[in-house]
Amino acid sequence: MARRSRHRLLLLLLRYLVVALGYHKAYGFSAPKDKVVKATEYQGDFKNRAEMIGFNIRIRNVTRNDAGKYRCEVSAPSEQGQNLEEDTVTLEVLVAPAVPSCEVPTSALSGTVVELRCQDKEGNPAPEYTWFKDGIRLLENPKLGSQSTNSSYTVNAKSGTLQFNTVSKLDTGEYSCEARNPVGYRRCPGKRMQVEETSFQKSSSASKATTMSENDFKHTKSFII
């Protein structure tokens, strides 16, 4: 008898539904199988979007605001008196990233610390980030990259930062960032960063070039004699 009573209670649990999300509540009620409760009977955020089909609730055009815990409650008479049962289901809404916001300086001085930032606020779960220079992906371990690339940078795939500990002229180029999660990915438009030498670095380079030229000349003159 107790088993039959519990079975009956579970059936009633499916028929009487209370959906709780945030501060809004939508109340379901007993409905024969195959009967559709129109969405207009729901209020608040669920109005014109939610409908009961049989023992199920269908929500159309799901948004991030629909994420949360949904609780089903039922109170039914039994031989022992009034019984109350409930169950909770957690709904997680997955969202693809939007075009990330990329912060790339237009110019930088050689030898300084430069940080590029990339961020997306829409994706769920939180996306990971990948940086590209001139369309080529920058590896998280720069030592595995091309010899023509400055190996002083660090990439944080979680926070979306690309930091050059000592930026050089080799780092001049167009940078873009991609945000990706299991639902999808988007990339921001490329932005160019120009790395310039300081006046001291320019004069030092010119002085070295002059010294090398004089040494080459003396060597050549000595060789001819």
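The values are calculated or read from the model by the stated rules, or taken from the named source; none is laboratory data. Bear in mind the structure is a predicted one, so any value in this text is a computation, not a measurement. Note that each Cβ is placed from the backbone with ideal geometry, even for glycine, and that neighbours are counted across all protein chains shown.
Every listed requirement among (1) surrounded by 14 or more Cβ atoms within 10 Å (Cβ to Cβ); (2) under 29 Å from Pro127 (Cβ atoms); (3) modelled with pLDDT under 95 is met by Arg64 save one, (1).
Conditions tested, residue by residue: (1) over 21 Å from the mean Cα position of the chain (by Cα); (2) of a type in the set (A, V, I, L, M, F, W, C); (3) modelled with pLDDT of 95 or more.
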{"residue": "Thr130", "(1), (2), (3)": "no, no, yes"}
{"residue": "Ser151", "(1), (2), (3)": "yes, no, no"}
{"residue": "Leu162", "(1), (2), (3)": "no, yes, yes"}
{"residue": "Lys169", "(1), (2), (3)": "yes, no, no"}
{"residue": "Glu174", "(1), (2), (3)": "yes, no, yes"}
{"residue": "Gly184", "(1), (2), (3)": "no, no, yes"}
{"residue": "Met193", "(1), (2), (3)": "yes, yes, yes"}
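The residue that is surrounded by the most Cβ atoms within 10 Å (Cβ to Cβ), among those in the range 88-117 that are among the β-branched types (Val, Ile, Thr) and within 29 Å of Ile59 (Cα to Cα), is Val95. Once the range 195-225 is narrowed to residues that are modelled with pLDDT of 50 or more and polar (S, T, N, Q), the residue that is surrounded by the most Cβ atoms within 10 Å (Cβ to Cβ) is Gln201. Applying the selection to the range 121-143, what residues are touching a residue at least 24 places away in the same chain (Cβ under 8 Å) and either outside the structural domain of Asn165 (by TED's automatic domain parsing) or aliphatic (A, V, I, L, M) (or both)? Hits for the range 121-143 are Ala126, Leu138. When Arg180 is tested against (1) part of a helix (DSSP H, G or I); (2) of a type in the set (Lys, Arg); (3) at pLDDT 95 or above, just one condition goes unmet, and that condition is (1). Please determine whether any residue of the range 75-87 is at pLDDT 80 or above, more than 31 Å from the chain's Cα centre (by Cα) and surrounded by fewer than 12 Cβ atoms within 10 Å (Cβ to Cβ). Yes, the range 75-87 contains a residue that is at pLDDT 80 or above, more than 31 Å from the chain's Cα centre (by Cα) and surrounded by fewer than 12 Cβ atoms within 10 Å (Cβ to Cβ).
For the range 22-48: of the residues being crowded, with 17+ Cβ neighbours inside 10 Å, closer than 30 Å to Ala96 by Cβ and in contact with a helix residue (DSSP H, G or I) (Cβ under 9 Å, 6 or more places away or on another chain), which is modelled with the highest pLDDT? Applying the filter and picking the extreme gives Phe46.
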